[in-house]
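Asks: What follows is a single structure, and I will ask about it in a moment.
The values are calculated or read from the model by the stated rules, or taken from the named source; none is laboratory data. On a predicted model such as this, the values are computed, not experimentally measured, just so you know. Note: ideal-geometry Cβ built from the backbone for every residue, glycine included; neighbour counts use all protein chains shown.
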Amino acid sequence: MIKIYHNPRCSKSRQGLAILEESNQEFDVVKYLEDKLTVADLEAIISKLSIKPLDLVRKNEAIWKSDYKGKTLSDKDIIEAMISHPKLIERPIVVNGKKATIGRPPESIKNII
């Protein structure tokens, strides 16, 4: 089952959702700002993306700049920051089985559906 980790207020996330709707495939929408992710959820997503946790962080968010930027953080620390502040998670993320992508640009979603 395809999942999109979606923020309805984000234009790229809405574009990613539209691509999934046009694909005529079944998918689940996870509004991760409302339904908070667990550490295990986020670790699984990061593993499927084959990236470091820092690569999933929205580094221009005010909370990142004020609380985390310039500090020495472990991968665990970064994951905990994203769990505590889900706005820090890059979006949209689409997971299809063992594959995942960050929908930036949204068209990259087509590569895994």
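Asks: Can you confirm whether segment 68-90 contains a residue that is at pLDDT 95 or above and within 21 Å of ALA18 (Cβ to Cβ)?
Replies: Taking every residue of segment 68-90 in turn, at least one turns out to be at pLDDT 95 or above and within 21 Å of ALA18 (Cβ to Cβ).
Asks: Right, next: Of all residues being assigned to a helix (DSSP H, G or I) and charged (D, E, K, R) in segment 77-113, which is farthest from MET1 (Cα to Cα)? Just the residue, please.
Replies: By that ranking, first place goes to ASP77.
Asks: Tell me the residue from LYS3, LYS48 that is within 12 Å of the chain's Cα centre (by Cα), farther than 14 Å from PRO86 by Cβ and not in a helix (DSSP H, G or I), please.
Replies: Result: LYS3 is the single residue among LYS3, LYS48 that is within 12 Å of the chain's Cα centre (by Cα), farther than 14 Å from PRO86 by Cβ and not in a helix (DSSP H, G or I).
Asks: Can you list residue pairs whose Cβ atoms sit under 7 Å apart, with the first residue in segment 10-35 being over 18 Å from GLU107 (Cα atoms) and at pLDDT 95 or above and the second being of a type in the set (Phe, Trp, Tyr) and not in a loop (DSSP other than H, G, I, E, B)? Count only pairs 6 or more apart in sequence or on different chains.
Replies: VAL30/TYR5; TYR32/TYR5
Asks: Does SER47 count as modelled with pLDDT of 95 or more, closer than 16 Å to ILE112 by Cβ, of a type outside the set (A, V, I, L, M, F, W, C) and exposed (fewer than 12 other Cβ atoms within 10 Å of the Cβ)?
Replies: yes
Asks: Separate question: Considering LYS69, LYS59, LYS99, which residue is touching a residue at least 24 places away in the same chain (Cβ under 8 Å) and either among the basic types (Lys, Arg) or exposed (fewer than 13 other Cβ atoms within 10 Å of the Cβ) (or both)?
Replies: It is LYS99.
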